Structures are given as structure tokens and as C-alpha cells.
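Here it is, the structure, as C-alpha cells.
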Amino acid sequence: MKSGSNLEKVLKAGHFAFTGELGPPRGTTVEEVVHKCQYLKGMVDAVNITDNQTAVVRMASWAACLILIKEGLEPNFQMVCRDRNRLAMQADILGVYAHGVRNMLCLTGDHCQFGDHPDAMGVFDIDSMQLINMVKTMRDEGKFQAGTEIKDPPRIFIGAAVNPFADPFDWRVHRLAKKIEAGVDFIQTQCIYNMDKFREFMKRANDMGLTEKAYILAGLTPMKNVGMARYMQKRVPGIEVPEEMIDRLKGVDKKKAADEGIKIACEQIEEFKEMEGVHGVHMMAIEWEHKVPEIAERAKVLPRPVMD
């Protein structure tokens, strides 16, 4: 075992993983994090804690991770390259590991211009590929990036994100290969709506043998209504929402659109279970944590395996 985390054990044992996500509050209210935790307990194998997502200031990912551990959930600590240099990154990795964090997602981070401090200076001292390799070096070689030795290295299960839909499409699988070469253990994809294109992406990943080198979790965000679907289609870069999906949401009563969105997500999960090379699902129920138990039940991913 590389880390001994619950997520690593679930994947290594061959179970279909189911992870969730929690966005920290824009303030100091611990109760807000605790409240969201209650909907995720027993439903997921690990919970991503976002790191100033969309370049908007929130409670630090590491701090929310500690709250999750106290609540009995396993966090997946996210770190973006936008906000720290390599010294701060390595210091935070040591710190979260000392407090029980065993999973980490390495991300570039959205540019500051998209957030609430558009004039802030992005750090980007290293990129996500270098961050992955830095964590791997810390874990496997017991050395900081500068080459000095670490006393008691952090044993972290290393994750990264991949967008199968960004242009140019032909380069997507090669970028996945580079992240695996850098040292990633598991991948969580961008939200998937275009199933045809994702099938092609997975075929290429399988043909290159990449799915034997890293665990791939398919990313999902259920649609709440037609407005959300249109927004994702028109305004969110790197996400492809087929017109057929929007037509399907438009074809039901407005009051039933959210239920239809969940139904679509559950149908996708059933297909992911049978798709070669897909090892699980990452459920990004944005500010919809209270729906995760219903989704998990309807998607037939319960009960979650209990690992020793």
C-alpha cells in the first residue's frame, strides 16, 4: 500500500469507488461543514475538499479536512498551484499528513481573474504535473524537491484531474499519460455529459494501457434544471452538454427536472460500472450534498465496502 487510505484500499480491492465533494464555507462556520458531512457519512469512500475553487476565497482546504476527520470521514485534500510556492506546498503536505490526511488531489487552479480577487497575483511556481512528481518524490524517495531528506516522509495517495473534453481532444489521453508518468495514482475527471466522447477517450486510454497504471474515477454533476444545463453548456469551459440531454430535461415538468437530472446521472453510473477502465465515480453534487444519499441509493452503489 502506498498510503493505507480507505480510498486506496477500496480501489486496490477491486471495488467500484464512489467519492464525494464538499466546498468549504466562505467564513469560519464549522457547523456548515459538519452539516454537509452528515449527508456523506456511509455514502462515499472519500470526500474531496476544494481549495478556493473558482479562485474564490473560502476556508482553507486543510482546515476543512481536519473537520472531516473529526466527523469520521476520509478527506481528499485538494491543493492548487495558484496560491502557493513550492516551499508552502511542501510544508502544507507535511502538516496535513501529520493530522491524518492520506489522499491528495493535485491541481493547477483556476486563474485569479475568474474569482473574487481578479487583481490577485497567481503564484504558479510549479504546475500540476510538477506538483504530482514533487509529492511522489516526497513519498517514495523521502526527499524534498531540493533533494534534502525528509524525516518520516508523508505516505500520500496521489490524485489528479483530467478533462477528456478540452481541445485539442486528441491530446487529452497523452496529457493523462504524462500525469501517470509523473506519479499519479488515481484520476478524477471533469463532469461528464457527452458519453460518446468519453467512451472514445476511455478506449484510447485502455489501448495505451493507462487504465492499468492508474485508477480512473468518472466525474459527475447531476443537472438540477434546464437553466443549469444551459449554463454548463454555454458558460463553463471544457464541459460538453449534448442538446439531447437538455431536450430530455425540457421534456418533463419543471418541478420534476431535478429528479430527471438525478435519473440521468444514475443511468450514467450504471454505464460506468460496465465501462472498461473506469474504476469508480466522483460525485460533484455542488451545494446539493443532501441529495447524495438518494443518488447513491438509486445508483445502487450502497452499501459502501468497509475496509480493514
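The values are calculated or read from the model by the stated rules, or taken from the named source; none is laboratory data. All of these numbers come straight from a predicted model, not from anything done at the bench. Cβ: placed from backbone, ideal geometry, glycine included. Neighbour counts: every protein chain shown. These area figures cover heavy atoms from the full protein model, side chains too; ligands, DNA and RNA do not enter into them. Shrake-Rupley method; radii C 1.70, N 1.55, O 1.52, S 1.80 Å.
I'd like the carbon and sulfur percentage of the solvent accessible area for segment 131-216, probe radius 1.4 Å, heavy atoms only, ligands and nucleic acids excluded.
Values: 1690 of 3830 Å².
Carbon-and-sulfur percentage of accessible area, whole number: 44.
If the only charges are +1 at each Lys and Arg Cβ and -1 at each Asp and Glu Cβ, what is the size of the charge dipole of the chain around the Cα centre, to the nearest 20 debye? Can you show the working numbers first?
Numbers: 41 positive and 44 negative charges, 30 e Å.
For this selection, approximately 140 debye.
Hey, another quick one. Between segment 156-202 and segment 53-96, how many Å separate their Cα centres?
Their Cα centres are 22 Å away from one another.
Further question: Between HIS35 and GLU276, take the C-beta separation as r, use R0 = 41 Å, and let me know the FRET efficiency to the nearest 0.05.
Values: r = 38 Å, r/R0 = 0.94.
The pair HIS35/GLU276 has a calculated efficiency of 0.60.
For the pairs LYS9/LYS213; LYS263/LYS291; LYS151/LYS178; LYS70/LYS143, flag any whose C-alpha to C-alpha distance is greater than 18 Å. Before the final figure, lay out the partial values.
Working: LYS9/LYS213 16 Å; LYS263/LYS291 12 Å; LYS151/LYS178 29 Å; LYS70/LYS143 30 Å.
Table pairs above 18 Å Cα-Cα are LYS151/LYS178; LYS70/LYS143.
Related question: Would you be so kind as to identify which of PHE201, ILE158, VAL123 lies farthest towards the positive end of the dipole of the chain, taking Lys and Arg as +1 and Asp and Glu as -1 on Cβ and the Cα centre as origin?
ILE158
Let me ask another. Positive end of the charge dipole of the chain (Lys, Arg +1 and Asp, Glu -1 on Cβ, about the Cα centre): tell me which of PRO303, ALA177, ALA91 has its Cα farthest that way.
Of the listed residues, the answer is PRO303.
From the mean inverse distance of alpha carbon pairs (Kirkwood) and the Cα radius of gyration, derive Rg over Rh for segment 62-206. Intermediate results must be reported in sequence, preceding the final value.
Working: Rg = 16.3 Å, Rh = 16.4 Å.
That ratio equals 0.99.
Additional query: Would you kindly calculate the translational diffusion coefficient of segment 149-232, applying Stokes-Einstein with the Kirkwood radius from alpha carbon pairs, for 10 °C and a viscosity of 1.306 mPa s, and quote it in µm² s⁻¹ without decimals? Kindly include the intermediate steps, with their values, before the conclusion.
On the way: Rh = 14.3 Å.
After rounding, the answer is 111 µm²/s.
Something else about it: Using alpha carbons only, how many angstrom separate the centre of segment 11-39 from the centre of segment 131-150?
Each part reduced to its Cα centre gives a spacing of 28 Å.
Taking the Cα atoms of the chain, report the difference between the largest and smallest coordinate on each principal axis, in whole Å and largest first.
Over the chain, Cα extents along the principal axes are 61, 47, 46 Å.
So what is the calculated 222 nm ellipticity per residue for the chain, using -39500 (n - 2.57) for each DSSP H run with n of 4 or more, over all residues, to the nearest 500 deg cm²/dmol? All intermediate terms of the calculation are to be shown ahead of the outcome.
Numbers: 11 runs with 120 residues, N = 308.
Mean residue ellipticity, 222 nm, calculated: -12000 deg cm²/dmol.
When only Cα pairs under 8 Å and 6 or more residues apart are kept, what is the percent relative contact order across segment 201-308?
Numbers: 99 pairs, mean separation 39.8, N = 108.
Taking the mean separation of contacting Cα pairs over the length of segment 201-308, I get 37 percent.
Over all Cα pairs of segment 155-308, how is the pair count split among 10 Å bins, expressed in % and running from 0 up to the last occupied bin?
Per 10 Å bin, starting at zero, the Cα-Cα P(r) for segment 155-308 comes out as 10, 39, 35, 15, 2 percent.
Same structure, new question: MET228 accessible area, nearest 10 Å², 1.4 Å probe?
MET228 exposes around 40 Å² with every protein chain in place.
Give me the percent of Cα-Cα pairs in segment 1-114 that sit more than 23 Å apart, rounded to a whole number. Numbers along the way, then the final one.
Numbers: 1797 of 6441 pairs.
Of all Cα-Cα distances in segment 1-114, 28 percent exceed 23 Å.
When only the heavy atoms of the protein chains count and the probe is 1.4 Å, how do LYS234, LYS273 rank by accessible area, highest first? Walk me through the numbers on the way to the answer.
Values: LYS234 145, LYS273 60 Å².
The ranking, largest first, comes out as LYS234, LYS273.
Over segment 1-100, with every protein chain in place, what whole percent of the accessible area is carbon and sulfur at 1.4 Å, could you tell me? Don't skip to the answer; put the middle values down first.
Numbers: 2170 of 3920 Å².
Answer for segment 1-100: carbon and sulfur cover 55 percent of the accessible area.
A follow-up question, please. Enter the accessible area per residue of the chain (Å², integer; probe 1.4 Å; all protein chains in place). Let's see the in-between values first.
Details: 14150 Å² over 308 residues.
Value for the chain: 46 Å² per residue.
Further, regarding this structure: Run the numbers on segment 83-199 and let me know its relative contact order in percent, using alpha-carbon pairs under 8 Å that are six or more apart. Numbers along the way, then the final one.
Values: 141 pairs, mean separation 30.9, N = 117.
So the answer I get is 26 percent.
Right, next: Specify the angular offset, from 0 to 90 degrees and rounded to the nearest 10, of the alpha carbon long axis of helix 169-182 from the longest principal axis of the alpha carbons in the chain.
The angle comes out near 30 degrees.
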